[in-house]
Amino acid sequence: MDHSYLAANWADVRRRVDAACREAGRDPAGVSILPVSKTFDADVVRAAVVLGLRRFGENKVQEIRDKSSLLADCGIAWVVIGHLQTNKAKDVARLASEVQSLDRLELAEALHRRLQLEGRSLDVLVQVKTSPEESKHGLPPAELPAFLDSLRQYDSLRVRGLMTMATHSDDPAEVRACFRRLRELRDAMQARGHDLPRLSMGMSGDFPLAIAEGATEVRIGSAIFGPRPVGATAAPAAMGPVP
Ligand SMILES: *Cc1c(COP(=O)(O)O)cnc(C)c1O
């Protein structure tokens, strides 16, 4: 299949991220892009690897299992960005380089135990719930101080920052408020002695707002890989190029 659309999409996204940085008075070097390859086949990911991309975000552990075995030669760092069940800790400890959706102690404990067995460590971001929607996962902001304190006992988890998903709203002010909330929480936690340099926030539809509020990393799926089928699950669909 012809994957030439990927190069154009990638260049366009990088250009728009750089423009959002300039608009916000920020250095583009301070914002990285995490390509989100969920639902896309291994051959699409391989085409992205050819473009020089090496980190990919996935929200299902089963997809990381499938793709990592098909792409074992690519040196890919897999980043877990979706809600993680505790019984998936074993695969994550084996296959992932990073988890951005850490949201409860039970999961931290399970990951730590498995990582110790593997002799590995993992970068983690704590996912915080900054939006009112019931469906969004993440730690309630009020629980963050105690949670970060508790994470200190798990030395295989390197806590590097915070992650959030903004509210689904047509009102940019509401979306931006979620991102601001995460930055303010980060600043408050830094004042308490936690080193949290990374803020993962912003997706294809809202990343300029996230960059304006201090994102150090934006997670971009559809703007790079094209639209996903509605209600897409772990089963990678046969996707065509962006029209
Ligand atoms: C799918 C997903 C993204 C990317 O979404 P797009 O709108 O396709 O850019 C980012 N973050 C998380 C947690 C996701 O599940």
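The values are calculated or read from the model by the stated rules, or taken from the named source; none is laboratory data. On a predicted model such as this, the values are computed, not experimentally measured, just so you know. Every residue, glycine among them, receives a Cβ derived from its backbone with ideal geometry; neighbour counts consider all protein chains shown. Note: areas computed on protein heavy atoms with side chains; ligands, DNA, RNA excluded. Shrake-Rupley method; radii C 1.70, N 1.55, O 1.52, S 1.80 Å.
Phi angles of the range 111-117 translate, via the Karplus equation with coefficients 6.51, -1.76, 1.60 and θ = phi - 60°, into HN-Hα couplings of 5, 4, 4, 5, 5, 4, 5 Hz per residue; Gly and Pro are given as x. For the range 98-113, the residues whose amide N sits under 18 Å from a probe point set 7 Å from the Cα of D155 along the beta carbon direction are 109-113.
Sorted largest first by accessible area at a 1.4 angstrom probe radius, with every protein chain in place, the residues M189, M1 fall in the order M1, M189. Over the range 5-225, what is the relative contact order in percent, taking alpha-carbon pairs closer than 8 angstrom and at least six residues apart? The normalised contact order for the range 5-225 reaches 21 percent. Per-residue ellipticity at 222 nm, computed for the chain from helices alone with -39500 (n - 2.57) per DSSP H run of at least four residues, works out to -12000 deg cm²/dmol.
Listed values for the range 183-188 are Karplus-derived 3J(HN,Hα) couplings in whole Hz (6.51 cos²θ - 1.76 cosθ + 1.60, θ = phi - 60°), namely 5, 5, 4, 4, 4, 5, and x replaces Gly and Pro.
Among the protein heavy atoms, those of T86 account for about 40 Å² of accessible surface (1.4 Å probe, every chain in place).
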